[in-house]
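One structure below.
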Amino acid sequence: MAAIRLKNVHKTYPNNVLAVSSFNLDINEGEFLILVGPSGCGKSTILRLIAGLEELTDGMIYIGDQLVNDVVPKDRNIAMVFQNYALYPHMSVYQNMAFGLEMRKVPKTDIGDRVHEAADMLQIIDLLDRKPKELSGGQQQRVALGRAIVQKPAVFLFDEPLSNLDAKLRVQMRAQIKTLHALLKTTIVYVTHDQVEAMTMGDRIVIMHEGLIQQIGTPLEIYHQPRNRFVGEFIGSPPMNILPVTITTDPKPELRHPDFVLPLAQTSAWLESIGSRQVNLGIRPEDVTLADPHSADIHATWPVVLIESMGHESLVYLKLADGDFVAKVNDLPGSLKEGADIGVRFQLDRLHLFHWESGEVLAP
Amino acid sequence: MLNRSQSKFLSLTATYALLATGLIFIIFPYIWMVLASLKPSAEIYNRLIPTRITLEHYRMVFSLGSTGSTSPFVRAIFNSLVVSSITTLSVVFFGAITGYALARLRFKGQNLLKNFILFQMLFPIVLFLIPRFLLMIRLGWINTYQGMFSPFMMSAWGTFLFMQFFKTVPQSLIDAARLDGCSELRIVFRIMLPLSKSVTIIVAIFTFMSMWDEFLWYLIVTKDYNLMPLSVLLGLYTRGEYSSYPGIQVAGATLLTLPILALFYFFREYFTKGITMTGVKG
Ligand SMILES: Nc1ncnc2c1ncn2[C@@H]1O[C@H](COP(=O)(O)OP(=O)(O)OP(=O)(O)O)[C@@H](O)[C@H]1O
Ligand SMILES: [Mg+2]
């Protein structure tokens, strides 16, 4: 277990691609930290910098109390699990797990014990003599985990470890990794672009976009209080609906959209501070309810384009003059059918307002 | 008009006829040589099929010039083996580490070096014979093993082959090995080489073969019978006092080809792989 500290980290690749910039992050001892963001945003780069597989362009990285900028990968006391598992094809499962220990001159009997202990934990005892190509994807994944565990490192780095598994295995492995973390209490930095993994596995999430940190927070903070439009749209599935609206103060503070008007509780002083009449309104699909178009307390009425029912919940796609709107609901009103109009009611305490240009959230 | 199966039959027949003719031209000299080595001397030039089989030429080859227990022929086989083996190990060793550095590391002048290696492959060896010879004289390496093998210890071709193959190894394997505590040299020998078994075998057998068959350079740097490799010794049989004994020449030449035939037999899949991977070589 060790804390990790990244101070003002920059990485420019030799081809002049700026992969990460001004990256500041404190990872606590024993924390399960998730790095998430779209492809190419620099997640793997951060992991590889922590591992020492890439050189920093600028900044400092501490593991524990040690500045590791000039420490070679093997001496950083970390273990990494790769997306493609990176098992040595010419070695058996046992040799794969033992290799790092042999290189570190751990006594032979200790190696045997540690490999068997880890193999036991991961239920791969029976596979120890096989070659990687004789294993299924899920088994290879567990061997890769085992190879990391036997090192007893202070930090685990995971780079999209589950993305090559099918959905069912992914759920299993998710649980297994969480169990392992609870057991070993090793600091974990886990890269994913899977929302469910991000929301369910980590203590905190770091959202990245184009090499910059967008927000750091617990899963619930990120979900309920996105700091900007990017975070709002990135987390949540289907993504948050974004509608352009104008703010009016005359006669009273309101949000105006061609199809609806919403009351605003904010003071006029706040409205002045925004400095713009145009804002983007963010509404999560799950923060609306649908009702009969003739009900009294609905905010807007839109035609239904498509209904996707998944049993316990349904996605209802609505057609607006200038775009689409998705609602995720449990109860379908009786009058709901494709092609007909439906009434929509917003949950007013769950609205997000984003600055028209910067995309920053407009906190009340 | 021919129908489809007829025309197919014709074209197949033509193809096979052509291949068969080619094969005869290639294989006939070899068959002639093997048969000749087993014929009585009198029949070598005037019969194809011997009237009786004899091993007298082979006996001659081994006893020729023998002083006491060592036969020059056995000595020459030993010399050829030493020089070819050292070269093979060396070409694999240097080819692998250089190929790895060029394919997977980043350093200043990398591209220059890469181009230089490719560039060097373009020149015929003959161009370097004289400068090399002068160098050997300066080093005092005439009539030494190192004089024979040192010019061949690194091969641009071998390096290039390793480099190309190492480029295809996933980066994450190298990363994993680095995290596991491997030095770069260890990565080459514990990870890259075992993963490149076919390339390694191809480089090794083709190098071994070309050293076994090498003649001109050995002829230039060796005058001493004790150090003479087999190819040069056999060359001597075609001149001077032995030139009127063709039986010895063909028997020696047949023996010279045996190790290559054995290599071919055990590694035949790699020969075809090697030829398709690299264009013809050796
Ligand atoms: N070795 C490299 N050389 C040059 N550019 C690189 C290298 N590795 C990554 N990059 C670039 O740096 C940026 C960040 O890449 P990185 O691999 O960190 O993204 P990522 O967030 O892990 O993406 P993904 O989700 O697709 O894995 C990208 O623009 C990428 O093209
Ligand atoms: Mg990545």
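The values are calculated or read from the model by the stated rules, or taken from the named source; none is laboratory data. Note that this is a predicted model, so its numbers are computed, not measured. For neighbour counting, all protein chains shown are included, and Cβ atoms are generated from backbone atoms with ideal geometry for every residue, glycine included. Keep in mind that these areas ignore ligands, DNA and RNA; they rest on the heavy atoms of the full protein, side chains included. Shrake-Rupley method; radii C 1.70, N 1.55, O 1.52, S 1.80 Å.
Points 7 angstrom from Cα along the Cβ direction at A:ASP70 and B:VAL82: gap in nanometres?
Calculated label separation equals 4.8 nm.
Could you list the square roots of 5 times each eigenvalue of the Cα gyration tensor of region A:241-355, that is, the equivalent ellipsoid semi-axes, sorted largest first and rounded to whole Å?
For region A:241-355, the ellipsoid semi-axes come out as 28, 13, 12 Å.
I need to check one value: relative contact order of region A:158-238, counting alpha carbon pairs closer than 8 Å and at least 6 residues apart, in percent.
For region A:158-238, the relative contact order is 21 percent.
Give the ranking of A:HIS352, A:HIS224, A:HIS294, A:HIS193 by solvent-accessible surface, highest area first, calculated with a 1.4 Å probe.
A:HIS294, A:HIS193, A:HIS224, A:HIS352
Between A:HIS90 and B:ILE24, how many nm apart are label points set 7 Å from Cα along the C-beta direction?
So the two model labels end up 4.6 nm from each other.
Charges at C-beta only: +1 for Lys and Arg, -1 for Asp and Glu. How large is the resulting dipole of region B:1-84 about its Cα centre, in Debye rounded to 20?
Charge dipole of region B:1-84: 200 debye, to the nearest 20.
From the P(r) of the protein assembly as shown, could you give the percentage of C-alpha pairs in the tail past 38 Å?
Cα-Cα pairs of the protein assembly as shown separated by over 38 Å account for 58 percent.
Starting from the Cα of A:ASP26, step 7 Å along the direction of its Cβ; do the same at A:LYS7; then give the gap between the two resulting points in nm.
Modelled inter-label distance: 1.2 nm.
Test of understanding: extend the Cα→C-beta vector of B:PHE215 to 7 Å, then name every residue of region B:26-66 with backbone N under 16 Å from that spot.
It comes to B:29-30, B:33-34, nothing else.
Could you work out how much longer the chain between A:ASN330 and A:ASP250 gets when fully extended? Use 0.36 nm per residue separation minus the Cα distance between them, nm to one decimal.
Roughly 25.1 nm would be gained on extension.
Quick check for me: using +1 on Lys/Arg Cβ and -1 on Asp/Glu Cβ, what's the dipole size of chain A about its Cα centre, in debye to the nearest 20?
1060 debye
Within 10 Å of each Cβ of B:202-215, how many other protein chain Cβ atoms are there on average?
0
In debye to the nearest 20, how big a dipole does region B:68-279 give about its Cα centre with +1 on each Lys and Arg Cβ and -1 on each Asp and Glu Cβ?
The dipole of region B:68-279 has a size of about 560 debye.
Calculated FRET efficiency, B:THR15 and B:PHE264, Cβ-Cβ r, R0 30 Å, to nearest 0.05?
Result of the calculation: an efficiency of 0.75.
Can you tell me what share of the DSSP beta bridges in the protein assembly as shown is antiparallel? A percent to the nearest 5 is fine.
75 percent
Given a cut-off of under 8 Å on Cα pairs at least six residues apart, what relative contact order in percent is computed for chain A?
15 percent
For A:LYS108 and B:LYS167, what does the FRET efficiency come to when R0 = 56 Å and r is the distance between their Cβ atoms, rounded to the nearest 0.05?
0.95
State the answer as a single residue: which of B:PHE119, A:PRO161, B:GLY235 lies farthest towards the positive end of the charge dipole of the protein assembly as shown, with beta carbon charges of +1 for Lys and Arg and -1 for Asp and Glu, about the Cα centre.
Checking the options against the dipole of the protein assembly as shown, the answer is B:GLY235.
For B:ILE137 and B:PHE93, what does the FRET efficiency come to when R0 = 30 Å and r is the distance between their Cβ atoms, rounded to the nearest 0.05?
It comes to 0.65.
List the DSSP H helices in chain B whose Cα atoms stretch 27 Å or more along the helix axis and whose mean Kyte-Doolittle hydropathy is at least 1.0.
B:4-37, B:72-104, B:246-266
How crowded by other chains is A:340-348, given as the mean number of beta carbons from other chains within 10 Å of each beta carbon?
The per-residue average across the peptide is 0.
Considering the dipole of chain A built from charges on the beta carbon (Lys and Arg +1, Asp and Glu -1) around the Cα centre, which of A:ALA144, A:LEU315, A:ILE242 is farthest to its positive end?
Among A:ALA144, A:LEU315, A:ILE242, the one farthest towards the positive end of the dipole of chain A is A:ALA144.
Just subtract the alpha-carbon distance of A:LYS152 and A:LYS168 from 0.36 nm times their residue separation and send over the number in nm, one decimal.
2.9 nm
Could you point to the residue in A:HIS257, B:ALA42, A:LEU271 farthest towards the positive end of the protein assembly as shown's charge dipole, with +1 and -1 charges on the Cβ of Lys/Arg and Asp/Glu respectively?
B:ALA42
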